[in-house]
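Peer 1: This is the structure, below, for whatever I ask next.
The values are calculated or read from the model by the stated rules, or taken from the named source; none is laboratory data. What you see is a predicted model; the values in this text were computed from it and never measured. When we count neighbours, we look across all protein chains shown, and the Cβ atoms used for this are built from the backbone with ideal geometry, even at glycine. The protein model used for the area step is the full one, side chains on, heavy atoms only, and it has no ligands, DNA or RNA in it. Shrake-Rupley method; radii C 1.70, N 1.55, O 1.52, S 1.80 Å.
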Amino acid sequence: MPRREIDLKIIDLADDGRGVGKHDDRTVYVTGALPGERVRVRVDHDSSHQPHSFARMLAILSPPSPLRATPACPQHGRCGGCALQHMTESAQLAHKRERLVRALGAHACLTDAAVAMVVPSDPALGYRTRAKYVLGRNQEGRLFAATYAPASHLLVDMAGCRVPTPCLTAIVEHALVALASTSLPVYDETTRQGELRYLAVQTNEQDQGLLVVVTRTDACRAALADAARALRARVPALVGVVHHVNATTGGAIFHDAT
């Protein structure tokens with residue numbers, strides 16, 4: 001069926017955080033919609049195996065749900081991570097508990113199992129000590145660290161993501177500047193040319209970090225060595241930079257030579 005716009009009432013929340021509505025005997029899953037809201041959506045895909053459709057929200061036609069909150073990250077809804085950031089923290093915790101109750105309830109012997117309230121993380125943001133990024137360039141030629149949008153290889157710029165630790169974010173920001181100074185081309189999946197492919201960063205509780213730069217070939221080693229020396233001089237928290245070569249054409253970040 002072609003893409004189309006429809007209005008529907010959201011009646012539930014799926015396990016993955018999408019709002020659930022009904023339209024013409026089909027279950028419609030809507031990214032970003034919350035129970036109780038009436039929304040206008042654009043249907044992007046109709047399953048050929050089940051009476052399910054998947055849509056993106058265009059507008060909220062009713063008063064917003066009292067569960068709704070402003071997402072902390074600018075790319076919420078595009079990157080595919082942190083699927084519940086548009087909900088208040090208490091609503092997120094309640095939804096996660098309900099997911100567990102539903103899962104246990106599917107087994108007769110666990111139907112009456114007691115499920116405690118979910119304990120919130122502390123801190124709620126700025127806690128992730130490890131991250132991997134795809135490198136890309138925008139139309140203006142700016143180098144950026146990205147992730148793939150769900151079910152695609154479309155790049156989503158992760159600048160402003162609030163989940164990594166401040167130390168990790170700072171390392172990535174400085175690494176992009178250092179790599180941009182090399183003028184090395186970004187790897188193109190279509191032509192299988194270019195050098196810069198991925199970044200991987202690991203930090204610890206002492207705010208020290210290790211950076212891995214993944215390229216297609218070893219030909220850029222000298223340029224990367226110069227960039228790494230300059231980077232470490234600017235970022236004392238960075239204790240090491242590793243160059244990893246991955247000439248494979250698949251989606252694996254690291255190439256296992258064994």
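Quick grid of which residues meet (1) at pLDDT 90 or above; (2) more than 28 Å from ALA131 (Cβ to Cβ); (3) surrounded by 14 or more Cβ atoms within 10 Å (Cβ to Cβ):
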| site | (1), (2), (3) |
| --- | --- |
| LYS9 | yes, yes, yes |
| LEU13 | yes, no, yes |
| LEU61 | yes, yes, no |
| SER90 | yes, no, no |
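Peer 1: Every residue in the range 240-258 that is hydrophobic (A, V, I, L, M, F, W, C) and either in contact with a helix residue (DSSP H, G or I) (Cβ under 8 Å, 6 or more places away or on another chain) or modelled with pLDDT under 95 (or both), please.
Peer 2: Listed by number, the residues that qualify are VAL241, ALA247, ALA252, ILE253, PHE254, ALA257.
Peer 1: Would you kindly identify the strands (runs of 3 or more DSSP E) lying entirely within the range 146-258 that contain at least 3 residues that are at positive phi and open to solvent by less than 40 Å² (accessible area, probe 1.4 Å)?
Peer 2: Strands (runs of 3 or more DSSP E) meeting the threshold: none at all.
Peer 1: Among (1) open to solvent by 50 Å² or more (accessible area, probe 1.4 Å); (2) more than 13 Å from MET57 (Cα to Cα), which single condition is ARG26 missing?
Peer 2: (1)
Peer 1: Could you count how many residues in the range 38-53 are assigned to a strand (DSSP E or B), touching a residue at least 24 places away in the same chain (Cβ under 8 Å) and either basic (Lys, Arg) or open to solvent by 60 Å² or more (accessible area, probe 1.4 Å) (or both)?
Peer 2: Adding up the residues that qualify gives 3.
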